[in-house]
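Contents: one structure, followed by commentary.
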Amino acid sequence: MPGDVAASEDDASATDDGREIIDLTEPAGGLPPVIATAEDLAAAVARLAAGSGPVAVDAERASGYRYGQKAYLVQLRRAGAGTVLIDPIACPDLSGLGAALADVEAVLHAASQDLPCLAEIGYQPHELFDTELAGRLLGYPRVALGTMLEEVLGFRLAKEHSAADWSVRPIPAEMLKYAALDVEVLVELRDALATQLDEQEKTEWARQEFAAVAAAPPAPPRADPWRRTSGIHKVRTRRALAVVRELWQTRDEIARDADLSPRRILSDQAIIDAARAEAGKPAPTGRPQLDRISGFHARNARKYSERWTAAVTRVRQLTEAELPEVAGVATAPGPPPAHRWAERDPAAAARLAAAREAIGAIAAERRLPVENLLPPDALRRLAWEPPVPATQETVSAVLRGYGARRWQAELTSLPLAEAFAASAASSAPTA
């Protein structure tokens, strides 16, 4: 157990299996001040650069409160430097931090969630260790940070501020304490998991996975993001879908300008209710009766009532050609949804079933989730259109082309080739 952790015997409890659990209640060395000036940032960067070993990194966003996913607090901790809390609103350029720590391994939990907002402010680690991803590779059934710390190190974190509004200024001391504790023992967790990876002979797997996360490009914009409106499956006509699209886009414009989460402007349910109201027969006429829908009575929604009305009115004026398709338009080539395979291509459906069985057996043997053994999309694409002939070498090449890491292709290519051969043999007509 690390010797500098701020916890006392009064904070200890025991699990059902007798393990002692220590509640982390105070950051070691006390709560550091929040860095909010260029001078203090430069001093903190120098202190971190002079430290030793990996640097623990975390970022707090204001999801559900503000528009987008930018960072509102950045926490770092490194041996010899202690914990550093940075206000990225006051100090929006952390490129100096990125340069100073360019060769230092960054330890993050669920790195793919924080890396985009950190890149926006200039910090892009080249080498990282993702404790959540390591937990998945090791077969832990639950990989939330608090669960991992408790299971691996015997520490318990309070999580009452996990969904807080980190855009508030000044940030309350209790929230800052919570944030500091998130990086308090992250490096210790990394070291313990690294040992377990080595014991399970998965260190190279983890290295390739971490490198892929660090090198991943920004996610492209979603096609038709309005189609992700909760409850849209209840909207069954093209004109009603156009109402969803128009209200969603109007809400997004308002939210961006106000820097508020879109759902704090207007709920998804209100959008769906308005769309379904417009789908009635005969076609609606006159001014849209949005005031009959409770979601439009909310405080923020009421302020924009004229814009909601204008949005629905615009939809009524659209021609049939301007209405969205019910099923949407495919944006990338690829196989159809798997549940349609049996009807469209029974042989492909049989290949997919055999492939899934083979992958499931390997995942169980190696104690890791199926989706971490092989990207599900790569498996579907391979099964839909396998190479001819489907050998270990050709299957491996196709998997690599679909984004599978080298270790994944090496582990799965031969079993998949054999599964395809067995599937073809079982479905071949008999004399």
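Per the listing Leu76, Leu115, the residue uniquely buried (at least 18 other Cβ atoms within 10 Å of the Cβ), outside any helix (DSSP H, G or I) and either modelled with pLDDT of 95 or more or out of contact with any helix residue (DSSP H, G or I) (no Cβ under 6 Å at 6 or more places or on another chain) (or both) is Leu76.
Residue under question is Pro88, and the condition is that it be of a type outside the set (A, V, I, L, M, F, W, C) and either in contact with a Phe, Trp or Tyr (Cβ under 7 Å, 6 or more places away or on another chain) or buried (at least 20 other Cβ atoms within 10 Å of the Cβ) (or both); does it hold? Considered against the rule, which asks whether it is of a type outside the set (A, V, I, L, M, F, W, C) and either in contact with a Phe, Trp or Tyr (Cβ under 7 Å, 6 or more places away or on another chain) or buried (at least 20 other Cβ atoms within 10 Å of the Cβ) (or both), Pro88 comes out as yes. Within the range 211-223, one or more residues are basic (Lys, Arg), at pLDDT below 95 and either over 23 Å from Gly51 (Cα atoms) or open to solvent by 30 Å² or more (accessible area, probe 1.4 Å) (or both). Residue count for the range 226-248 under the criterion of being of a type outside the set (A, V, I, L, M, F, W, C) and free of Cβ contacts under 8 Å to residues at least 24 places away in the same chain: the result is 2. Restricting attention to the range 118-139, the residues that are over 19 Å from Arg78 (Cβ atoms), assigned to a loop (DSSP other than H, G, I, E, B) and in contact with a helix residue (DSSP H, G or I) (Cβ under 7 Å, 6 or more places away or on another chain) add up to 1. Counting the residues of the range 185-225 that are without any contact (Cβ under 8 Å) to a residue 12 or more places away in the chain and of a type in the set (Phe, Trp, Tyr) gives 0. Count of the range 118-128 residues, restricted to those that are under 16 Å from the mean Cα position of the chain (by Cα) and open to solvent by 10 Å² or more (accessible area, probe 1.4 Å), is 1. The set of residues from the range 25-45 being assigned to a loop (DSSP other than H, G, I, E, B), aliphatic (A, V, I, L, M) and closer than 14 Å to Leu176 by Cβ comprises Leu31, Ala36. Restricting the range 247-290 to residues that are at pLDDT 95 or above, open to solvent by less than 20 Å² (accessible area, probe 1.4 Å) and not in a helix (DSSP H, G or I) leaves a set whose member that is farthest from Ala301 (Cα to Cα) is Ser261.
All but one of (1) of a type outside the set (Lys, Arg); (2) in contact with a His (Cβ under 6 Å, 6 or more places away or on another chain); (3) touching a residue at least 40 places away in the same chain (Cβ under 8 Å) hold for Tyr178; state the number of the condition that does not hold. In the conditions (1) of a type outside the set (Lys, Arg); (2) in contact with a His (Cβ under 6 Å, 6 or more places away or on another chain); (3) touching a residue at least 40 places away in the same chain (Cβ under 8 Å), Tyr178 misses (3) alone.
The values are calculated or read from the model by the stated rules, or taken from the named source; none is laboratory data. Nothing here was measured: the structure is a model prediction, and the numbers come from that model. FYI the Cβ positions are ideal-geometry reconstructions off the backbone, even for glycines, and counts take in every protein chain you see. The protein model used for the area step is the full one, side chains on, heavy atoms only, and it has no ligands, DNA or RNA in it. Shrake-Rupley method; radii C 1.70, N 1.55, O 1.52, S 1.80 Å.
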